[in-house]
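The values are calculated or read from the model by the stated rules, or taken from the named source; none is laboratory data. It should be emphasised that the depicted structure is a prediction, and the values quoted were computed from it without experimental measurement. All Cβ positions, even for glycine, are placed from backbone atoms using ideal geometry, and neighbour counts span all protein chains on display. Areas reflect the complete protein model, heavy atoms only, side chains present, ligands, DNA and RNA absent. Shrake-Rupley method; radii C 1.70, N 1.55, O 1.52, S 1.80 Å.
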Amino acid sequence: MKIKLFLLITGFLTVFSVSSAIAEGSKLVLTGSSTVAPLALEIAKRFEKGNPGIRVDVQTGGSSRGINDARKGLADIGMVSRALKPEESDLTPYTVAMDGIGIIVHKSNPVQKLSDEQIISIYTGAVENWKEVGGTDSPITVVNKAEGRSTLELFLHHFSLKNSDIKADVVIGDNQQGIKTVSGNPGSIGYVSIGTAEYEERHGTPIRLLPMEGVPATVDNVRDGKFPLSRQLNLVVKGTPSPLANAFIDFAQSKDVHDLIEAQFFVPLESE
Amino acid sequence: MSDRIFSFVIWMSAAFVGAVFLWILGDILLKGIPHLSLSFLLEQPEDAGRSGGIFPVIVSTALILMVAVAVSVPFGLGVAVWLAEFSQTGRKAASSTRLTLDVLAGVPSIVYGLFGNAFFSIFLGLGFSIFSGGLTLACMILPVFIRTAEAGLSAVNHSWREGASALGMNKTSAIWHILLPSAAPAIVAGLILGIGRATAETAALIFTSGYVDRMPGSLMDSGRALAVHIYDLSMNVTGGDSAAYASALTLIAVIITFNMMAQAMTDQWLGKKVQRA
C-alpha cells in the first residue's frame, strides 16, 4: 500500500517535471508592484493569446522588489507603481497607465472646493462640521480606506499624514464601497480612484468629484499629469530590453489593452 | 456558589469559541455562496479574478500540498522515530534537535517565504514554481509534525516495547508494526495541523510558488495558491471581494477534504498493520 502510494507520487512528479519543456527565449518574467500586478496579469494573458508558445509569468512583491529584480536580472521586467527616483536612473521606465485619486462628496453638498489644509483638517478631526469649510450646518462623515490599500498610501503620502492621524467615521475597502458610502450619506467625504468615480458620476450616482489645488479631478487631467494626486504605473527594464520584453512593453502601451487598463480602474495614457 | 461561577465561566468559554467559529463560517457562507457555482470551480480566472473561476488555483493548491506532504511525511516520521526511539544514547543531539524544532515551529511564515525564495527559488534555481512552494511548505510543516508525532510515539506505553522484544521482534518491526500504528492518532493530528497551516499560507507562498493564475503544466511552473488568490482579491483587486469570499469558502472545503483524506488514509494504512501484527 505504502509502496504503491510512493510509486504513484514519484510517477506523478516525474510526468509533471518532464512535460515542462518551455524554451528559455519564449518566457518572460515580471515582478514588482502589487497594484500593477493584476493589470499586468491580464495584459499577459492577452499577449499570450496573440503569441502562441510564449509564456509571461507575473509575480508580485511590491515596487521595490520590481526595481531590485529588474536590476539583478531576476526579472525581465519590473513593475513599479510610482515614478522612478533619481538614484534609479539605471533603469528605463515605460509608463503603461496612470492612477489618480479624487476627493468625492455627495452631489447635494454645496461645497465646491476644498484646499489641502481643509482636507487635512477634516481628515484629522480638527474640522467636524461642513459649515466651517463653507457648507451647511451638518456633521462631516469621514470615509477612509482600509489599511493595505494603495489609494490610502497615495492619499497619506500626498498630505504627509500617518494613518493613525486620521479620525475616520467609516473605513472602507474598495472604490465601489467608497462610492456607495458617500452616495448614501449626504454629509460624507471620501476619496476613490478617479476612473471609477467619473464613471459613476456620469451614470447618475449622486456624488461629485472635487478639484484639488484648483485642478478638476478628471481622467484627462490625470492622463496629462496635471492632477496632483496621481501616480504613474510603470514597467521598468535595465539596459536594452530583449526582443520579447520589447514586444510585451509595446503591447502593454498599445491601445489593444486600454479596455484592460480601464477595467482595473486605471487611466490609459493616450486618448482613444 | 463558586462551583456555579466556575462552571458558568467554563460553559461561556466554550460557547464563545463556538460562536467565533460560527460567525466566521456564517460570514463566509453568507457572502461566498452567491458567487459560488460549478462554473466558478471549473473555469479560468478572468478580469484579475473578479469574474471567471478558480480551477487553475485549486489545481495549483492541491499540487503544492501534495509536494509538501510527500516530502514532509517520510522525513518527519524518520526524525520523530529517531527522537523517540533511537536518541537515548545521544541525548545532547536529541535535545538540541528538539529545541531547534520548537524554535522553527514558532518562526513566522514570512521568514519561511523569504528563506524559500532565497534557497529554493534562487540558490537551487527552482524559480517561482509549485516545487519551490511545496518544499517551503514542507519546511514549515516539519517542526509541528515531528514534535506531534514524537509525542505520540513517546506516549506509547513502555511495556509494549518490552513485550515486542520479549517476543523476539527486532527494533524495525517493533517500530513498524507496533509503535507507529499505536501512535497513528497523534501522527494524523500532526499531519492535519501541518496541512491546515500550509493550506492557509500566503506569506510563505507568494514569493515561492508565486502569483501566476494559469493552469500549471508542470511542477516547475509557477502556480497561485488559494490563500494567495484570496489575499490578492481582497486586498488588491477593486471589486474582488465576492470572488474572495467564494474562494475562501472553497479553501475551507479543501482543508476539510484534505483532513478527511489524511484521516482515512492513515486509518487504512496503519489499521491494517495493527490487525496483521
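In the protein assembly as shown, Rg over Rh equals 1.05, where Rg is the alpha-carbon radius of gyration and Rh the Kirkwood radius from pairwise Cα distances.
Compared with its chain on its own, the stretch A:127-166 contains the following residues whose accessible area drops by 30 Å² or more in the full protein assembly (probe 1.4 Å; ligands, DNA and RNA excluded): A:ARG149. In order along the stretch B:10-27, the Karplus-derived 3J(HN,Hα) couplings, from 6.51 cos²θ - 1.76 cosθ + 1.60 at θ = phi - 60°, round to 4, 4, 4, 4, 4, 5, 5, 4, x, 5, 4, 4, 5, 4, 4, 4, x, 4 Hz, and Gly and Pro are given as x.
The lysines whose alpha-carbon is closer than 20 Å to the alpha-carbon of A:LYS72, local same-chain residues fewer than 8 away aside, are A:LYS27, A:LYS85, A:LYS238. Taking the protein heavy atoms of the stretch B:37-276 in the context of the full set of protein chains, the accessible area attributed to carbon and sulfur is 70 percent at 1.4 Å. Ordering A:THR136, A:SER183, A:ILE119 by Cα displacement along the dipole of the stretch A:117-199 toward the positive end leaves A:SER183 in first place; charges were set at the Cβ atoms of Lys, Arg (+1) and Asp, Glu (-1). Entry note, the protein assembly as shown: the mean residue ellipticity at 222 nm calculated from DSSP H runs of n ≥ 4, each adding -39500 (n - 2.57), is -16500 deg cm²/dmol after division by the residues and rounding to the nearest 500.
Inter-chain Cβ neighbour count for B:211-223, averaged per residue, equals 6 (cutoff 10 Å, partner chain atoms only). For chain A, a simple Cβ point-charge model (Lys and Arg +1, Asp and Glu -1, everything else neutral) yields a dipole of about 880 debye relative to the Cα centre.
DSSP beta bridges fully contained in the protein assembly as shown are about 70 percent antiparallel. For the residues B:ALA164, B:ALA189, B:ALA15, a GNM of chain B with alpha-carbon springs under 10 Å puts the largest fluctuation on B:ALA15. Look at the stretch A:260-266: the mean tally of other chain Cβ atoms within 10 Å of its residues' Cβ atoms is 3. Rounded to the nearest angstrom and listed largest first, the equivalent-ellipsoid semi-axes of the stretch A:150-272 from its Cα gyration tensor are 30, 18, 13. Comparing A:LYS167, A:LYS85, A:LYS238 in a Gaussian network model of chain A where C-alpha atoms under 10 Å apart are linked, the largest mean-square fluctuation is found at A:LYS85.
Magnitude of the charge dipole for the stretch B:37-276, about its Cα centre and with charges confined to Cβ atoms of Lys, Arg (+1) and Asp, Glu (-1), is about 960 debye. Excluding ligands, DNA and RNA, what is the accessible area buried between chains A and B, summed over both sides, using a 1.4 Å probe, to the nearest 100 Å²? Protein heavy atoms only, the A-B interface buries about 3000 Å². Round to a whole angstrom and tell me the spacing of the C-alpha centers of the stretch B:129-175 and the stretch B:29-78. Centre-to-centre distance over Cα atoms comes out at 29 Å. Once C-alpha pairs closer than 8 Å and six or more residues apart are averaged by separation and normalised to the residue number of the stretch A:139-272, the relative contact order reads 21 percent. Given the C-alpha centroids of the stretch A:187-249 and the stretch A:68-138, what is the distance between them in whole angstrom? Each part's Cα centre sits 10 Å from the other's. Between the helical axis of B:184-199 and the longest alpha-carbon principal axis of chain B there is an angle of about 20 degrees. Computed from the C-alpha gyration tensor, the three semi-axes of the ellipsoid equivalent to chain B are 37, 26, 18 Å, from longest to shortest. If you run the Gaussian network model on chain B, springs between alpha carbon atoms under 10 Å, then out of B:ILE24, B:ILE146, B:ILE195 the most flexible one is B:ILE24.
For the stretch A:99-223, the tally of Lys pairs with Cα-Cα distances below 19 Å comes to 7, considering only residues 8 or more apart or on different chains.
Would you mind working out the accessible area per residue for the protein assembly as shown, using a 1.4 Å probe, and quoting it in Å²? The answer is 46 Å² per residue.
Across the accessible surface of chain A, with the other protein chains kept in place and a 1.4 Å probe, carbon and sulfur atoms take up 55 percent.
Only Cα pairs under 8 Å and 6+ residues apart enter the sum, and on that basis the relative contact order of the stretch A:164-218 stands at 25 percent. To the nearest 10 degrees, how steep is helix A:2-18 against the longest Cα principal axis of chain A, on a 0 to 90 scale? Approximately 80 degrees, to the nearest 10. Only one residue of B:ILE58, B:GLY106, B:GLY240 has its Cα farthest out toward the positive end of the dipole of the stretch B:37-276, where Lys and Arg carry +1 and Asp and Glu -1 on Cβ, and that residue is B:GLY106.
Rounded to the nearest 20 debye, the dipole size of the protein assembly as shown about its Cα centre is 2120 debye, using +1 on the Cβ of Lys and Arg and -1 on the Cβ of Asp and Glu.
Size estimate for chain A follows the Kirkwood approach: the inverse of mean 1/r over distinct Cα pairs works out to 20.6 Å. Comparing B:LEU167, B:ILE33, B:LEU135 along the charge dipole axis of chain B, the residue lying farthest to the positive side is B:LEU167, per the Cβ-charge model. Backbone amide hydrogens, once placed in the peptide plane, bring A:GLY32 within less than 5 Å of A:GLN59, A:THR60, A:GLY61, A:GLY62, A:GLY66, A:MET79, excluding anything fewer than 5 places away on its chain.
Here the peptides A:131-142, B:117-128 are ranked by packing, the mean other Cβ count within 10 Å, and the order with the highest first is B:117-128, A:131-142. Axis angle, to the nearest 10 degrees, between helix B:55-81 and the longest C-alpha principal axis of chain B: 20 degrees.
Here the contact order of chain B, divided by its residue count and restricted to Cα pairs under 8 Å and six or more residues apart, works out to 27 percent.
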